[in-house]
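Okay, structure first, notes after.
Since every read-out is calculated from the coordinates, none of them should be taken as a lab result. None of the values given here were measured: they were computed from a predicted structure. Because the Cβ atoms are built from the backbone with ideal geometry, glycine has one as well, and the counts that use them run over all protein chains shown.
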Amino acid sequence: MGPLAELHLHLEGSVEVETLLELDPALTREEIARATAYTDFEGFIQSYIWVNRKLNLPEHYGLIARRLFEKLASEGVVYAEVTISAGVILWKQQDFGPIYETVQREAALNKVRVRWILDATRQFGVDAAKPVFDLAAERVNDGVVAIGLGGFEGGGPARWYADLYREARDRGLRLLCHAGETTDAASVWEALEIGAERIGHGIRAIDDPSLVEHLREKNIPLEICITSNVRTGAVGSLKEHPVRKLYDAGVPLVLNTDDPALFGCTLAGEYEVARREFGFTEEEIAGLVRNSFSYSFDGKLT
């Protein structure tokens, strides 16, 4: 398939079982399996938090970053925009500076070109998000390219963050937002209104023809994560996923893994799902791969 790029990938969602055992040798595989089993989005978030609670030192973050980069390189990924849940790090009352220095050092040592996205946890509110936006802006010339919102979509409407997004843009950050994953098309409109340049997931856009037309006309890409959406119950089944309909309607799409360890997927596997389950041709797949580079926030790739 050639070189690949990934634009929607959470560092803390990439921690494989073997890496968890490295982090905490007292863990058992059975314990890990129980803690990372879920049946819906809320359960997934609890599993995500459980993994985060195993990350207590900067070197823990360094280890998971190193393992992720090794895996990406082995899978043919040459560029990745990796999201760090900075909002969760602050919630855990950890010092972000040494953690970032450690993962940035790992990024400099590996074969994959890495840029970072800092993620605020939307349900924690604006006051908790403000320090995350500041941390991102302080590092805009040191590997951080964008700011985003994660967590429970319905628990923190994008409009709460309009002022922070405007300030972030003025401070040199690119703007992202998870939207239309577990709620509705109105959430995507809201993300666009506060300035989001790419939409994380955005699958519910399919329910609003005017939104679909807007995304196509304005060339605003959706970061599509097929396996993720099935595993969290964001779609009822694989056959119900709107990826093909969105593509056929002319919406720009980029394929991603989201949280590859927790979802048991790989980037090449996501392309295979698109090919096998949704009839994407080799030419269409090649176009999606090109999108992952052209819609990146690294100007040197385009």
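Max-minus-min Cα coordinates of the chain on each principal axis give 49, 41, 38 Å, with the largest extent listed first.
Kirkwood Rh over alpha-carbon pairs of region 194-244, then Stokes-Einstein at 37 °C and 0.692 mPa s: what D in µm² s⁻¹, rounded to an integer? Here the translational diffusion coefficient equals 283 µm²/s. Set the bar at 18 Å for Cα to Cα. Now go through 54/92; 92/130; 54/130 and name every pair that lies beyond it. Listed pairs above 18 Å: 54/130. Taking θ as phi - 60° and the Karplus parameters 6.51, -1.76 and 1.60, the scalar couplings of region 217-234 work out to 5, 8, 6, 9, x, 9, 8, 8, 10, 4, 4, 3, 5, 6, 5, 8, x, 4 Hz in sequence order, x denoting glycine and proline.
Here region 213-302 is treated as a Stokes sphere of Kirkwood radius computed over C-alpha pairs; at 20 °C and 1.002 mPa s its diffusion coefficient rounds to 158 µm²/s.
Rounded to the nearest 20, the size of the Cβ-charge dipole of region 15-174 about its Cα centre is 340 debye, with Lys and Arg at +1 and Asp and Glu at -1. Fewest-first ordering of 232, 281 by other beta carbons within 10 Å of each residue's beta carbon gives 281, 232.
In the elastic network of the chain, a GNM with C-alpha springs shorter than 10 Å, the most mobile of 267, 21, 175 is 21. For region 4-296, the Cβ-based charge dipole about the Cα centre amounts to some 300 debye (Lys, Arg positive; Asp, Glu negative; other atoms uncharged).
In this structure, the amide hydrogen of residue 77, modeled 1.01 Å from its nitrogen in the peptide plane, lies closer than 5 angstrom to those of 4, counting only residues at least 5 positions away or on a different chain.
Over the chain, DSSP H runs of length four or greater, each weighted -39,500 (n - 2.57), average out per residue to a 222 nm ellipticity of -14000 deg cm²/dmol.
When +1 charges are put on Lys and Arg Cβ atoms and -1 charges on Asp and Glu Cβ atoms, the dipole computed for region 55-125 relative to its Cα centre reaches about 120 debye.
Of the two radii for region 149-302, the radius of gyration is 0.95 times the Kirkwood radius, both from the alpha carbons; that is the Rg over Rh value.
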